[in-house]
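Below is one structure, written out as structure tokens, with a few remarks after it.
The values are calculated or read from the model by the stated rules, or taken from the named source; none is laboratory data. The model shown is predicted, which means the values in this text are computed figures rather than measured ones. Glycine also receives a Cβ, built like all others from the backbone with ideal geometry; neighbour counts cover every protein chain displayed. For the accessible areas, the whole protein counts, side chains as well, though only heavy atoms, and no ligand, DNA or RNA atoms are used. Shrake-Rupley method; radii C 1.70, N 1.55, O 1.52, S 1.80 Å.
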Amino acid sequence: MKARQLIENAPYGPDELKAIWQACDEAWSAIEGNFGDDQQIRETARTKLAKAILSVASEGASDPTALRTGGLAIMALAYRTPELERPS
């Protein structure tokens, strides 16, 4: 699992990693239903989520809630559809 490897190899201490794992698990639980049953699509999405949360952590966030919220915001922007950007 690429997402797991990214987090395991991240340069954070045990407390930060615990917060990152918690944020990833909670965030994935909130969005996993949006990615269907295709394992490759799910793995790609989970890897993007891990990268997003690690990006938030690199900015200094260490609270699981802040990490989760920031990671989900990054994911929402990444998966924004053009239809939603056009005025009605």
Residues in the range 33-65 that are without any contact (Cβ under 8 Å) to a residue 12 or more places away in the chain and in contact with a helix residue (DSSP H, G or I) (Cβ under 7 Å, 6 or more places away or on another chain) total 4
Item checked: Condition met for Ala45 (surrounded by 11 or more Cβ atoms within 10 Å (Cβ to Cβ), in a loop (DSSP other than H, G, I, E, B) and of a type outside the set (Asp, Glu)) -> no
Reported set for the range 48-62 where residues are over 13 Å from the mean Cα position of the chain (by Cα) and surrounded by 12 or more Cβ atoms within 10 Å (Cβ to Cβ) is Ala61, Ser62
Residues that are at pLDDT 95 or above, open to solvent by 40 Å² or more (accessible area, probe 1.4 Å) and hydrophobic (A, V, I, L, M, F, W, C): does the range 15-35 have at least one? yes
Residue count, the range 1-14, condition open to solvent by 90 Å² or more (accessible area, probe 1.4 Å) and part of a helix (DSSP H, G or I), comes to 5
